[in-house]
Amino acid sequence: MRIVFLLAACLLLTGCASNSTWGWYVIDPTTPTGWTNIKFLVGGMWSTIQISVIAAVISITLGLLVALPALSDRWYVRIFNRVYVEFIRSIPLLPMLFWVFYGLPIVFKSMGVDIPIDPFWGAIITLAISDSAFTAEIYRGGIQSIAKGQAEAARTIGLNYRQTMRYVILPQAIRRILPPLANQFIYIVKMSAFASVIGMQELTRRANELVVTEYRPLEIYTLLILEYLVLVLIISAGVRWLERKMGSDERG
């Protein structure tokens, strides 16, 4: 958080020493206009958080379901994982967002079902699907890093496959994959900015709208960057706390 305060102090000092080149007054909290602009920008943070959290929960769940077939001894089961992961990873996020938002309702309608997709759920579906391929690979690597003797020992005491995964393998794997999962959550938070192109009123969309009215892109986008920085720093601090609680940060 010190970085945020230092950057804010630099911006304040720059604004105090401003000339005609700078326009920090548009986000000056000491003026009515600046304070209104700041509240408008920060007001989009709740939408960003909602989109990111819901998409992350879906991605984590879907990623696990996609990862499990990769652990099968049967090649025709493993092929599902490979096809899904390689196909989804090859699609850029923006085209996928357009396809989900504009194309998926047409697909539903061709099936005789009228299901409109608003910008909120369009962004969530896109982020969840896009991230699930990466999450699946994280799960696969974490599960495969657990010694095979763990599963063999579980079978000797009468646990079936589901019980072994739930009580033996996954608890150990999650401790190992928590840091990369946190990185994926941060990725989702940053990629949620793409929701602005389909009209979602999140942080980036509000910044774009304010730039159109104030004509001060440097100052407004600087504040936007600081907002994302604050979100990422809070997430990072929360993940480090969770790692300590779960013992994921143990050395050796």
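The values are calculated or read from the model by the stated rules, or taken from the named source; none is laboratory data. None of the values given here were measured: they were computed from a predicted structure. Glycine gets a Cβ as well: all are built from the backbone with ideal geometry, and neighbour counts include every protein chain shown.
Values computed for the structure shown
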{"item": "Residue count for region 31-90, restricted to those that are small (Gly, Ala, Ser), surrounded by fewer than 20 Cβ atoms within 10 Å (Cβ to Cβ) and more than 20 Å from the chain's Cα centre (by Cα)", "result": "2"}
{"item": "Qualifying residue in region 139-148 (condition: of a type outside the set (Phe, Trp, Tyr), farther than 17 Å from residue 93 by Cα and out of contact with any helix residue (DSSP H, G or I) (no Cβ under 8 Å at 6 or more places or on another chain))", "result": "yes"}
{"item": "Wholly within region 148-231, helices (runs of 4 or more DSSP H) carrying at least 3 residues that are under 18 Å from residue 50 (Cβ atoms)", "result": "170-191, 203-214"}
{"item": "Considering residues of region 69-113 that are assigned to a loop (DSSP other than H, G, I, E, B) and not small (Gly, Ala, Ser) only, the residue modelled with the lowest pLDDT", "result": "73"}
{"item": "Subset of region 106-128 (residues that are within 16 Å of the chain's Cα centre (by Cα) and surrounded by fewer than 20 Cβ atoms within 10 Å (Cβ to Cβ))", "result": "120, 121, 125"}
